[in-house]
Amino acid sequence: MSDDEGGGSLYVLTAVLLTPAQFPSILGDDFPEACSLLGVAPGGEGYGLVLGQDEEGARWTVVVDDVSLVAAAIASWDCGMEYDLSPDERTIVVSLAGWPLELSVAASGIPEPHDPEQGADGTGRVPLAPPSAEAWGPVQRRMGADQIAREWADWREREATDGGAAAAAHPGLARALEEAVGYTKTPPPPGRVRSSFAGEGARTLRVDGPGWSLVARTGEAAFVLLDEEPGEVLTVPHEGDPDLPHLLAELDRIAVRPS
């Protein structure tokens, strides 16, 4: 596609969606926060993020408002099919220097991936960059919850073995559950509660709040990660206040879902 700030070609490497129901959680606890990080308005159906390199090898993230086009490209790639993702220039909202995600691929025949100079995208911002893996904070907490969702069977087996009794009286866990209950009464910002298909009638829930992340599967178990507990995964007790199955059902009821 032709798109970087100088009008040259962009060699597309991958793309991700930025919608209330599906966005890279490293960008924020909710859809508006993720949009704010990229400097775009949290409106409409959302955006597609196209990540690529220009002819000099510089990293660029192009934000487009043609969500359906990007979704079609991602679906095709996931099926192992080729798809030439070339958004119309009229759909480009902004081009940002750098990549917010770590990519292990690069375009062939051009220089190695590198960030353009600060300000090359016209925003004056430092180029986007993936989060550090050396520290623990909100980004790593959300990434940890995403990993549990991907590796659910392993974590479910571990929960069944350990029982999670040690987490029952943790104050941070109690706070997270109280705020999650609050979401079912007063809707949070879009994207704070997301639900995706998990097979056999179950749903995977991803819920985030200030300082905490919850990942769960309806009818099964739930885990919480906290900013104040680096690397720790707390199991939500099956019995107690709030009643876990009821809470998960209510969260699923208010969650946004991929179309």
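In region 155-177, the condition of being free of Cβ contacts under 8 Å to residues at least 60 places away in the same chain and closer than 28 Å to residue 100 by Cα is met by at least one residue.
Residue check: is residue 90 more than 30 Å from residue 176 (Cα to Cα) and either loosely packed, with under 14 Cβ neighbours inside 10 Å or of a type in the set (Phe, Trp, Tyr) (or both)? Yes, satisfied. The conditions of being crowded, with 17+ Cβ neighbours inside 10 Å, at pLDDT 90 or above and not β-branched (Val, Ile, Thr) are met by residue 127.
Applying the criterion of being at pLDDT 95 or above, of a type outside the set (A, V, I, L, M, F, W, C) and farther than 16 Å from residue 258 by Cβ to the residues of region 186-216, the residue that is surrounded by the fewest Cβ atoms within 10 Å (Cβ to Cβ) is 186.
Kindly check whether there is at least one residue in region 106-121 that is part of a loop (DSSP other than H, G, I, E, B), touching a Lys or Arg at 6+ places or on another chain (Cβ under 6 Å) and farther than 23 Å from residue 235 by Cβ. Yes, because at least one residue in region 106-121 is part of a loop (DSSP other than H, G, I, E, B), touching a Lys or Arg at 6+ places or on another chain (Cβ under 6 Å) and farther than 23 Å from residue 235 by Cβ. Taking residue 44 as the residue in question, decide whether it is farther than 25 Å from residue 109 by Cα and crowded, with 17+ Cβ neighbours inside 10 Å. Judged against the criteria, residue 44 is not a match.
The values are calculated or read from the model by the stated rules, or taken from the named source; none is laboratory data. The model shown is predicted, which means the values in this text are computed figures rather than measured ones. Glycine also receives a Cβ, built like all others from the backbone with ideal geometry; neighbour counts cover every protein chain displayed.
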